[in-house]
1. Just to check your reading of the model, which residue among A:182, A:171 is assigned to a helix (DSSP H, G or I), within 14 Å of chain B (Cβ to nearest Cβ), touching a strand residue (DSSP E or B) at 6+ places or on another chain (Cβ under 6 Å) and buried (at least 17 other Cβ atoms within 10 Å of the Cβ)?
2. Would you mind finding the one in B:91, B:155 that is assigned by TED's automatic domain parsing to the domain that holds residue B:29, surrounded by 12 or more Cβ atoms within 10 Å (Cβ to Cβ) and closer than 22 Å to residue A:27 by Cα?
3. For the condition over 30 Å from residue A:15 (Cα atoms), touching a strand residue (DSSP E or B) at 6+ places or on another chain (Cβ under 8 Å) and exposed (fewer than 15 other Cβ atoms within 10 Å of the Cβ), what is the one hit in B:11, B:2?
4. Exactly one of (1) in contact with a strand residue (DSSP E or B) (Cβ under 7 Å, 6 or more places away or on another chain); (2) within 30 Å of residue B:96 (Cα to Cα); (3) assigned to a loop (DSSP other than H, G, I, E, B) is unmet by residue A:95. Its number?
5. Kindly establish whether residue A:153 is within 23 Å of residue A:89 (Cβ to Cβ) and part of a helix (DSSP H, G or I).
6. Please go through the range A:136-164 and pick out each residue that is touching a helix residue (DSSP H, G or I) at 6+ places or on another chain (Cβ under 6 Å) and within 14 Å of chain B (Cβ to nearest Cβ).
7. Which condition does residue A:140 not pass, out of (1) in a helix (DSSP H, G or I); (2) at positive phi, if it passes all the others?
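The values are calculated or read from the model by the stated rules, or taken from the named source; none is laboratory data. This is a predicted model, so every value here is computed, not measured. Counting neighbours? That spans all protein chains shown, and the Cβs are built from the backbone with ideal geometry, glycine included.
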């Protein structure tokens, strides 16, 4: 099981290059990272996966975008969460791997129907460390409530979770130990954190029955 | 005043943290204020008062944070939420936790600047190049205040 940081945004979106972020990630205990945008593959150090983020207003728009060449080249496809009906719809799109920015949506935007559908289709929900690290006061309290709510749905329906630093700089990256401490703030256990950190590998290479090739 | 017997003294733990970025000139008081702000906003006044966090050492890119025994995990979590020291963007990376400062001093590996080799130009701005071990290169914008920093590797710099 590879411990993966589910999203980092390297230079030019951030202030640190992909190679430097990969170097830091290795020092912080990660085996691989998902770079959002047009990242180049590394020859040494931790594995770098290519991620792409889709922002859309409707399911139709998402389906149109996932057929684009940039999305097809990507290893991991993220979709920004929206309202209830949008979230219910996108978790059933085959090409989508992860629903992200769940903390920016309204309460109950990701409900039990979307959770059940996500579990059936193997779509993950991303837990970003950015709001926990950078927000203060009521904003952070609201984020922790949302994550606790998502965690309770995950325990009930069993859809995968991913954990991302969402870092645009090496200063935003956190160690695996720090991630465990931050996730404990909304009730995630150590075993759940370990499983969530390893779920990117399972998303891109899902376990399938053995196929006989003749 | 007669000191308390050892069994009656408060048991403490010390957390060694590395301050990023490497070149930052962090004052002990500024580090303390950042730590207290982070701990108070995460755990509240009551828990912070009981944990008694304090910065007892700050030099060479490292700091030692003192707290009461039993609260070191909570304090380490709060240290992960530090995003600035003074006006500068920064991060604190927990290196080790121990019962003595002496044990932590052994874990400090001095961060040595390999060389400061001139300037480079990116777009309209000039940056000073600082090279560190493991091919790390920090670029700091030339200026007086609020300089932008870029974090590259040697290979990235050669490509541009």
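1. Criteria check complete, one pass: A:171.
2. The unique qualifying residue is B:91.
3. After applying the criteria, what remains is B:11.
4. Of the numbered conditions (1) in contact with a strand residue (DSSP E or B) (Cβ under 7 Å, 6 or more places away or on another chain); (2) within 30 Å of residue B:96 (Cα to Cα); (3) assigned to a loop (DSSP other than H, G, I, E, B), the odd one out for residue A:95 is (2).
5. yes
6. Selection gives A:136, A:143, A:163.
7. Residue A:140 satisfies every listed condition except (2).
Conditions (1) over 16 Å from residue A:178 (Cβ atoms); (2) free of Cβ contacts under 8 Å to residues at least 24 places away in the same chain; (3) part of a helix (DSSP H, G or I); (4) out of contact with any helix residue (DSSP H, G or I) (no Cβ under 8 Å at 6 or more places or on another chain), marked per residue:
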{"site": "B:3", "(1), (2), (3), (4)": "yes, yes, no, yes"}
{"site": "B:13", "(1), (2), (3), (4)": "yes, no, no, no"}
{"site": "B:24", "(1), (2), (3), (4)": "yes, no, no, yes"}
{"site": "B:40", "(1), (2), (3), (4)": "yes, yes, yes, no"}
{"site": "B:48", "(1), (2), (3), (4)": "yes, yes, yes, no"}
{"site": "B:55", "(1), (2), (3), (4)": "yes, no, no, no"}
{"site": "B:74", "(1), (2), (3), (4)": "no, no, yes, no"}
{"site": "B:78", "(1), (2), (3), (4)": "no, no, yes, no"}
{"site": "B:82", "(1), (2), (3), (4)": "no, no, no, no"}
